[in-house]
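Read the structure below first, then the notes.
The values are calculated or read from the model by the stated rules, or taken from the named source; none is laboratory data. Remember, it's a predicted structure, so these values are computed and weren't measured experimentally. All accessible areas refer to the heavy atoms of the entire protein, side chains included, with ligands and DNA or RNA removed. Shrake-Rupley method; radii C 1.70, N 1.55, O 1.52, S 1.80 Å.
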Amino acid sequence: HSILLSTGGAKQKAEMLDAARMLVNHGYKLYATGGTARYLTDNGIDNTLVYWPSEEGKQPQALDLLHNHEIDMVVNIPKDLTTHELTNGYKIRRAAIDLNVPLITNSRLASAFIQAFCSMSLDDIDIKAWGEY
C-alpha cells in the first residue's frame with residue numbers, strides 16, 4: 001500500500017494532484033522525489049521525501065525502498081531530457097521492472113488508473129469468460 005511518485009514537470013504534477021489526494025484518502029502511503037514531495041506538501045498532501053539514486057548518502061533512497069519491497073507501485077514521469085533526470089529515472093524504472101513492481105510513466109494514465117482502483121472494489125467487477133463480452 002505504498003506508492004512512489006516522481007511526477008515530472010508542473011503540468012504533470014497538476015494532473016496527478018487529485019489522484020495523489022485520493023490515494024492518501026484511501027490509506028496509501030506516498031513516497032515522492034524532491035520536486036514532487038514539495039508540490040504535494042504545498043498542496044496539503046502527506047508524503048515522505050525519498051532521494052534519487054544520484055543523491056548518495058541521503059536516506060531514504062528510492063532504490064533501497066524498491067529493493068526492500070516497500071514500494072507497491074511506481075509513477076515515474078521524466079521532467080526533462082537532461083542526463084541527470086534521465087539517468088535517475090532510468091534507474092528507478094529499471095528497478096521497478098526488474099522487481100515486478102507496477103510502473104506507470106504517463107500522468108493521465110496514472111490518474112485514470114488510480115481513480116479506477118480507488119473507486120471500485122473487486123465486488124464491482126464481473127469476471128466473465130471472453131465469449132460473454
With axes computed from alpha carbons, what is the tilt in degrees of helix 107-119 against the longest principal axis of the chain, rounded to the nearest 10 within 0 to 90?
50
Å² per residue, accessible surface of the chain at 1.4 Å
59
Which percent of the accessible heavy-atom area of the chain goes to carbon and sulfur, probe 1.4 angstrom?
53
On Cα atoms only, tilt of 10-25 relative to the major axis of the chain in degrees:
60
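Rounded to the nearest 500 deg cm²/dmol, what is the calculated helix-only ellipticity per residue at 222 nm for the chain, with -39500 (n - 2.57) per DSSP H run of length n ≥ 4?
Working: 5 runs with 60 residues, N = 133.
Rounded to the nearest 500, it is -14000 deg cm²/dmol.
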How many Lys pairs in the chain lie less than 29 angstrom apart by Cα atoms, where the lysines are 8 or more positions apart or on different chains?
14
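Using alpha-carbon pairs under 8 Å, 6+ residues apart, how would you state the relative contact order of region 1-114 in percent?
Numbers: 192 pairs, mean separation 36.3, N = 114.
Relative contact order of region 1-114: 32 percent.
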